[in-house]
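Worksheet for the structure shown next.
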Amino acid sequence: MALLLVLFSLLGGALSWRAKREGGAAFKPERTRDTERFVANLGMLSALLFALVVVMQGSAALILDKCLR
């Protein structure tokens, strides 16, 4: 289950990376390029953070005994 959640998180990060590379939402001209870049960077970093948290929680489930939880 943890592996599936990590994949979903990294997929979101890949989508943010693609949005940063392509320039973001072209249908909203009132947004500046800096805003688009900031939101894309925030999405990528959040995805990495969530993937790390899921990996740490999944590894804890492997190490700790069920009686300790």
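Quick look at the values:
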item: The chain, helix-only ellipticity at 222 nm - DSSP H runs n ≥ 4, -39,500 (n - 2.57), divided by all residues, nearest 500; result: -27000 deg cm²/dmol
item: Pairwise FRET efficiency - L4 versus F38, Cβ, R0 = 25 Å, nearest 0.05; result: 0.30
item: Rounded tilt (10° steps) of 2-22 against the dominant C-alpha axis of the chain; result: 10 degrees
item: Contact order relative to length of the chain, as percent, for alpha carbon pairs under 8 angstrom and 6 or more apart; result: 47 percent
item: Per residue value of the accessible surface for the chain (all protein chains in place, 1.4 Å probe), Å²; result: 82 Å²
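The values are calculated or read from the model by the stated rules, or taken from the named source; none is laboratory data. As the structure is a computational prediction, the values presented were derived from the model and not from experiment. Heads up, the Cβs are rebuilt from the backbone with ideal geometry, glycines too, and the neighbour counts pull from every protein chain shown. Accessible surface areas use protein heavy atoms only, side chains included; no ligands, DNA or RNA. Shrake-Rupley method; radii C 1.70, N 1.55, O 1.52, S 1.80 Å.
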